[in-house]
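Derivation of every value follows stated rules applied to the coordinates shown; laboratory data play no part. This one's a predicted model, so the numbers in the text were calculated from it and none came from an experiment. Here the Cβ is made from the backbone with ideal geometry for all residues, glycine too, and neighbour counts use every protein chain on show.
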Amino acid sequence: MPERFLVTGAYGCIGAWTVRQLVREGVEVIGVDAGDDDHRVRELLDAVEVAAARFVKADVSDPAQVADVFALDPTHVIHLAALQVPGCREDPVLGARVNVVGTAALFAAALAHGLSSPIVYASSVAAFAAADGEGHVPTDPSGQPETHYGVFKIANEGTARVFALENSLASIGLRPSVVYGACRDTGLTSATTAAMRAAAHGSNYTIPFGGSCEFQFAPDAAAAFIAAARAPFTGAAVVNIPGTTLAIEEVVAEIERVVPESAGRIGFEGPPLPFPEALDSSRFRSIVGTVGVTPFGQGVAETVGHFRRSVNRVTRDGRRAQSLVACGGRDTAAASDSSKGPPWPL
């Protein structure tokens, strides 16, 4: 039977890159999202590619809507839909409904559908506490995350484990860390991408955190989810996506290497992010296999190139398609209230 991928959260960053890879492979894709803002998909795919995918508006927290989506008979499922850290902080009940009930509804629908491939779902480095990485590179979290979002991710990992124990429904959870690249345009951890955009556009920018963290290039993260969905796996596992750990000063230096004229215009300040700076990804390789990890300098160059190509692109209503200010960062050439964005969305 030909592959038919169901991708929830298709309008998000990883979702859009996932849809792009699958469409370019010639695979049938059903993209599901509760929203209407498809700018990331349209930024990454041309009109012919967008038309090649099927997009369905559905709320994963509604079991009836999830069941309707499974009536489209997917062979593989990648579950990315979720409220991020700020949304879960502002409305924990809604966050739990979307992130926890939504995940349980998806697993129940997959079981009823008779899905034979493993469900692949997004957990997060936010499932870890900062202390989990003290003195070693951790494989699994302690169970003491510091946000509602992280607690909900821990709950989803438990849901997946119980569905495997009680119903033999296979799943692989993937924990990305700091994803960067084109279309990574919301949240504090998007600030490194915002810095690349500022460099490409000749603006100043301050990344609002320091320390070190592990980076995954957005197309690499999408490829990891797709590879996991194709893995011949039974049971329930949660693994960390391979990446590259760098200090933020090294990130700034790499941006300046790619865009020499940005020297002195890109900076950083603030505390480290509240999770370990690196995670052990050896179990990913044993379960999923080997996936490419784009060298960070190459990822920066590709991201800067994307922003340079799109600098004059405008949206349908005539405004610029991208702001130079991402949540959490500060464009010191054109500061605005949006630079005071909510912390820690992943």
Next item on the list: Could you give the size of the charge dipole of the chain about its Cα centre, using +1 on the Cβ of each K and R and -1 on the Cβ of each D and E, expressed in debye and rounded to the nearest 20?
Entry: 540
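Using only DSSP helix segments of four residues or longer, with each worth -39500 (n - 2.57), what per-residue ellipticity at 222 nm results for the chain after dividing by its residue count and rounding to 500? Before the final figure, lay out the partial values.
Numbers: 13 runs with 130 residues, N = 346.
So the helix-based figure for the chain works out to -11000 deg cm²/dmol.
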Margin query: What distance in nm separates the two pseudo spin-label positions at residue 57 and residue 73, each 7 Å out from Cα along the beta-carbon direction?
Written below: 2.7
Next item on the list: Measure out, as a whole number of angstrom, how far apart the alpha-carbon centroids of the range 51-118 and the range 233-307 sit.
Entry: 28
Check: With a ≥ b ≥ c the root eigenvalues of the C-alpha gyration tensor of the range 85-169, is it rounded (a/c under 1.5), prolate (a/b larger than b/c) or oblate?
Finding: oblate
Next item on the list: Taking H placed 1.01 Å from N in the peptide plane, check which residues at least 5 places from residue 238 or on another chain put their amide H under 5 Å from its amide H.
Entry: 173
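Please report the relative contact order for the range 151-256, taking Cα pairs under 8 Å with a sequence separation of at least 6, and give it as a percent rounded to a whole number.
Working: 132 pairs, mean separation 39.9, N = 106.
Across the range 151-256, relative contact order equals 38 percent.
Give me Rg/Rg_expected for the chain, where Rg uses Cα atoms only and Rg_expected = 2.2 N^0.38 Å with N residues. Before the final figure, lay out the partial values.
Working: Rg = 19.2 Å, N = 346, 2.2 N^0.38 = 20.3 Å.
For the chain, the normalised Cα radius of gyration is 0.95.
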Item checked: Value of relative contact order over the range 47-153, rounded to a whole percent, pairs C-alpha under 8 Å and six or more apart -> 30
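In which sequence would 139, 147 go, from the one with the fewest C-beta neighbours within 10 Å to the one with the most? Walk me through the numbers on the way to the answer.
Values: 139 14, 147 25.
Going from sparsest to densest Cβ surroundings: 139, 147.
Taking K and R as +1 and D and E as -1, what net charge do the other residues with C-beta under 14 Å from the C-beta of residue 129 add up to?
Numbers: positive: 153, 175; negative: 132, 134, 140, 146, 277.
Neighbour charge sum, excluding residue 129 itself: -3.
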Check: Just going by the charge dipole of the chain, with Lys and Arg at +1 and Asp and Glu at -1 on Cβ, which of 310, 298, 69 is farthest out on the positive end?
Finding: 310
Check: Any idea what the dipole of the range 1-150 comes to, in debye rounded to 20, about its Cα centre with Lys/Arg Cβ at +1 and Asp/Glu Cβ at -1?
Finding: 180
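Can you tell me, using C-alpha contacts under 8 Å and at least 6 residues apart, the relative contact order of the chain as a whole percent? Mind showing how you got there, number by number?
Working: 761 pairs, mean separation 64.9, N = 346.
Answer for the chain is 19 percent.
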Check: Pairing the Cα long axis of helix 296-309 with the longest principal axis of the chain, what angle in degrees results, from 0 to 90 and rounded to the nearest 10?
Finding: 80
Check: How do the peptides 267-279, 60-72 rank, highest first, by the average count of neighbouring beta carbon atoms within 10 Å per residue?
Finding: 267-279, 60-72
Next item on the list: Could you run the Karplus curve 6.51 cos²θ - 1.76 cosθ + 1.60 with θ = phi - 60° over the range 93-105 and give me ³J(HN,Hα) per residue in whole Hz, x for Gly and Pro?
Entry: 5, 5, x, 5, 5, 6, 7, 9, 5, x, 5, 4, 5
